[in-house]
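FYI, it's all coordinate maths here, none of it is from the lab. All values reported here derive from a predicted model rather than from experimental measurement. Every residue, glycine among them, receives a Cβ derived from its backbone with ideal geometry; neighbour counts consider all protein chains shown.
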Amino acid sequence: MNKHEDLLKAEAIMRKNDRGTYTVPTHGLYPFQWNWDSCLSALGFSHFDEERALVELETLFEHQWEDGMVPHIVFHEPDEGYFPNTDVWQTNRAIPTSGITQPPVAGFALHALNQRSSNRSAIADRVQTLMGKIHAWHQWFYNFRADSDGLVAIVHPWESGRDNSVDWDEAFERVPTEGVSPFVRRDTSHANPEHRPTDEQYKRYIWLVEKFRSLNWDNSAIAKESPFQIIDPGFNAILIKSALDLADLAESYGAAQLATESRSMANRALDGMDKLWSEKLGQYVCYDRVADHQINSPSIGGLLAIFAPVPPKRSKTIADTIRRLSEVTEYLVASHPPGTPEFDELRYWRGPVWLIVNYMIAVGLRRAGEDELVRCIVDDSIALIETSGFAEYYGPITGTPCGGDSFTWTAAMVIEFFNLFDTFIKAEA
Ligand code: DGY
């Protein structure tokens with residue numbers, strides 16, 4: 001392991017993908033600003049350029065919708081290399097955006113940026129402005145997407161960030177493929193098609209976009225009419241963790257009302273999470289809100305749930321499930337377990353390891369006192385970048401680099417691991 005060299009490489013990738021006020025996830029494949037990529041990347045910046053870290057969040061929130069939603073893509077500059085582009089979304093905004101959202105990691109990120117700041121009073125106004133905007137986004141979730149348990153649903157697989165997860169194979173069948181306007185994918189010219197979702201899945205992704213567009217991007221109508229409505233435990237855990245962190249941040253600024261509202265949203269959802277628990281699989285699972293049942297699928301969204309402060313007996317079982325995964329893979333944590341019929345080692349979210357998820361799971365495991373397992377996850381993550389470069393994701397058995405390369409959030413997570421988990425990392429060889 002060469003910490004110094006790894007950090008230099010990581011920083012160089014972040015600088016290379018920096019477009020001044022926002023970063024692109026990687027050149028070619030993702031040429032715009034992505035919501036959760038940006039927030040997680042800001043964590044990386046915070047260790048070597050605090051100002052740039054805050055600007056990353058500020059730029060994203062300049063494009064928050066009037067109803068509170070924060071879109072998953074901001075199309076700052078035209079680039080024909082991506083599909084679906086602005087002509088497909090047609091959200092009619094001065095600077096075009098997509099019309100769906102993504103996992104709300106901003107609250108968690110802002111809290112961390114504030115804590116790490118070398119001059120908190122200098123950034124206090126900016127932090128408080130962002131705090132209000134993030135809270136409005138969280139309220140948007142509860143207004144438009146929550147059920148009586150306070151758990152929120154995604155209406156498009158892209159909202160989860162785990163686009164082609166096995167979790168919704170069955171539910172996704174409900175989304176038609178007929179009537180979709182003909183299109184040419186661009187992702188498969190930038191990345192190996194065998195690492196990406198299938199054409200059949202793309203037709204359904206685009207059917208949903210066209211459906212929501214036909215509803216004029218009215219979020220009440222979308223929430224009612226989407227044939228795809230999934231309560232994803234990982235997504236909900238991120239929202240809960242962000243809302244709790246935002247409550248702490250608000251308290252430190254004396255914003256009592258925001259803190260109370262935020263904490264009560266989070267605590268209600270945390271209680272609600274129990275309806276997603278599967279004793280049989282030893283983890284949380286998704287819930288299909290349209291069909292009204294739990295989904296019997298052991299993907300990583302149910303392990304990522306440990307990012308939220310779930311009860312100790314749940315953390316312990318999740319840790320045991322991850323330990324079992326380590327017996328059948330070389331690198332933790334596979335996004336779907338080998339040995340299941342759907343496992344596909346290199347295809348996006350159907351098997352590969354993602355460093356951002358490893359990081360959030362490590363944060364949760366550390367809170368739960370699972371230090372030895374944290375060490376394994378951090379070591380595996382660093383081993384992956386050292387043997388296979390800063391890829392978008394990796395095969396959990398072979399360590400094959402997959403998807404895009406020179407990836408911003410992979411670099412950011414390496415910087416996080418070395419700074420936050422240094423005591424867990426093996427001594428340099
Ligand atoms: C893509 O284009 O691959 C994204 O996941 C959608 O945001």
Within the set of pairs 6+ apart or on separate chains, which have a first residue in region 8-33 that is within 14 Å of residue 409 (Cβ to Cβ), a second that is of a type in the set (A, V, I, L, M) and part of a strand (DSSP E or B), and C-beta atoms under 6 Å apart? 33/74
Within region 82-126, tally of residues that are surrounded by 17 or more Cβ atoms within 10 Å (Cβ to Cβ), of a type in the set (Val, Ile, Thr) and more than 16 Å from the ligand (Cβ to nearest atom): 1
Checking residue 208 against (1) farther than 26 Å from residue 40 by Cβ; (2) within 15 Å of the ligand (Cβ to nearest atom); (3) aliphatic (A, V, I, L, M); (4) in a helix (DSSP H, G or I), which test does it fail? (1)
When the residues of region 173-189 are narrowed to those that are surrounded by fewer than 19 Cβ atoms within 10 Å (Cβ to Cβ) and assigned to a helix (DSSP H, G or I), which ends up nearest to the ligand (Cβ to nearest atom)? 188
On the basis of being touching a helix residue (DSSP H, G or I) at 6+ places or on another chain (Cβ under 7 Å) and outside any loop (DSSP other than H, G, I, E, B), does residue 14 make the cut? yes
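Could you list all residues from region 292-315 that are within 26 Å of residue 265 (Cβ to Cβ), surrounded by fewer than 21 Cβ atoms within 10 Å (Cβ to Cβ) and not acidic (Asp, Glu)?
Taking region 292-315 first, the residues within 26 Å of residue 265 (Cβ to Cβ) are 292-295, 299-315.
Checking which are surrounded by fewer than 21 Cβ atoms within 10 Å (Cβ to Cβ) leaves us with 292-294, 309, 311-315.
Listed by number, the residues that qualify are 293, 294, 309, 311, 312, 313, 314, 315.
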Search result, residues across region 129-163 that are in a helix (DSSP H, G or I) and within 16 Å of the ligand (Cβ to nearest atom): 157, 158, 159, 160
Only one residue in 374, 333, 357 is buried (at least 20 other Cβ atoms within 10 Å of the Cβ) and in contact with a strand residue (DSSP E or B) (Cβ under 7 Å, 6 or more places away or on another chain). Which one? 333
Evaluate region 266-280: report whether one residue or more is assigned to a loop (DSSP other than H, G, I, E, B), touching a helix residue (DSSP H, G or I) at 6+ places or on another chain (Cβ under 8 Å) and in contact (Cβ under 8 Å) with a residue 60 or more places away in the chain. no
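Return yes or no: is residue 393 closer than 19 Å to residue 38 by Cβ, in contact with a Gly (Cβ under 7 Å, 6 or more places away or on another chain) and either surrounded by fewer than 21 Cβ atoms within 10 Å (Cβ to Cβ) or hydroxyl-bearing (Ser, Thr, Tyr) (or both)?
Details: closer than 19 Å to residue 38 by Cβ: yes; in contact with a Gly (Cβ under 7 Å, 6 or more places away or on another chain): yes; either surrounded by fewer than 21 Cβ atoms within 10 Å (Cβ to Cβ) or hydroxyl-bearing (Ser, Thr, Tyr) (or both): yes.
Spelling it out, residue 393 is indeed closer than 19 Å to residue 38 by Cβ, in contact with a Gly (Cβ under 7 Å, 6 or more places away or on another chain) and either surrounded by fewer than 21 Cβ atoms within 10 Å (Cβ to Cβ) or hydroxyl-bearing (Ser, Thr, Tyr) (or both).
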Consider residue 67 against the criteria (1) closer than 30 Å to residue 220 by Cβ; (2) within 16 Å of the ligand (Cβ to nearest atom): it satisfies all of them except one. Which criterion is unmet? (2)
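Looking at 353, 290, 328, which one is without any contact (Cβ under 8 Å) to a residue 40 or more places away in the chain and in contact with a Pro (Cβ under 7 Å, 6 or more places away or on another chain)?
Numbers: 353 fails: without any contact (Cβ under 8 Å) to a residue 40 or more places away in the chain; 290 fails: without any contact (Cβ under 8 Å) to a residue 40 or more places away in the chain.
None of the others qualify; the one that does is 328.
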Considering only region 29-64, state which residues are within 16 Å of the ligand (Cβ to nearest atom) and either of a type in the set (D, E, K, R) or surrounded by fewer than 18 Cβ atoms within 10 Å (Cβ to Cβ) (or both). 37
